[in-house]
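J.: Let me begin by handing over the structure; questions about it come next.
No lab work stands behind these numbers, since they all come straight from the coordinates. Since the structure is predicted, the reported quantities are computational estimates derived from the model, not experimental observations. Here the Cβ positions follow ideal geometry from the backbone for every residue, glycine too, while neighbour counts run over all protein chains shown.
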Amino acid sequence: MRKLKLQMQVSLDGFASAGPNDEQKWVTWALEEIYSYVTGIFASADTILIGRKLAIDYIPYWQETFKKPDDPMHEFAVKIVTSKKIVFTKTLKKSEWDNTEIATGDLVEEISKLKSQPGGDMVVYGGVSFVASLLKEQLIDEIHLFVNPVAIGQGESPFSNLEGFQQLKLQRCVPFPSGIVLLTYTLR
């Protein structure tokens, strides 16, 4: 069965965005430090799941990066652009992006169906409300959090929809010189 992996940047106090426009000015952009881990998490995947709000900027950004072979993120952009993408939405009727499908059905049913299909693992990058719904339903198999060395005091948390405790098992903890710490968990 395919795994669903979450990869997300969060603040030390657990927020993944700092405002209504999903601002991430607080993120420590230390890509040279974390790049091998980012690509490693994605290595076994062939599908990206993404919420509509994030997809609107995320997919075009990587399509533009894909066109720039000298960009340090070009190799990662190739993987994103060539991977199947599924945008979860209640408002979009069709995709305007290449290699992208729209999912509008029940979240649990859609994810269960995807997990049972043949193929590589799946990665979800956001948005925050989409991830919060996935976590609430315990649909994520691996949680990879890049915890940034900053507290922002308020914002949106991917854990805001939980209706009780969700026990996790620490699989890996990797500190980086920038102060970012990668925490990898699985559900117990």
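J.: Residue check: is VAL81 surrounded by 13 or more Cβ atoms within 10 Å (Cβ to Cβ), in contact (Cβ under 8 Å) with a residue 12 or more places away in the chain and touching a helix residue (DSSP H, G or I) at 6+ places or on another chain (Cβ under 8 Å)? Give the steps one after another, and end with the answer.
T.: Numbers: surrounded by 13 or more Cβ atoms within 10 Å (Cβ to Cβ): yes; in contact (Cβ under 8 Å) with a residue 12 or more places away in the chain: yes; touching a helix residue (DSSP H, G or I) at 6+ places or on another chain (Cβ under 8 Å): yes.
Yes: the conditions hold for VAL81.
J.: I've got another one for you. All but one of (1) more than 15 Å from the chain's Cα centre (by Cα); (2) of a type in the set (Gly, Ala, Ser); (3) buried (at least 18 other Cβ atoms within 10 Å of the Cβ) hold for GLY51; state the number of the condition that does not hold.
T.: Of everything listed in (1) more than 15 Å from the chain's Cα centre (by Cα); (2) of a type in the set (Gly, Ala, Ser); (3) buried (at least 18 other Cβ atoms within 10 Å of the Cβ), GLY51 misses just condition (1).
J.: State whether one or more residues within segment 1-21 are more than 26 Å from PRO149 (Cβ to Cβ) and surrounded by 16 or more Cβ atoms within 10 Å (Cβ to Cβ).
T.: yes
J.: Condition test on ALA43, is it more than 18 Å from SER129 (Cβ to Cβ) and either in contact with a Gly (Cβ under 9 Å, 6 or more places away or on another chain) or exposed (fewer than 13 other Cβ atoms within 10 Å of the Cβ) (or both)?
T.: yes
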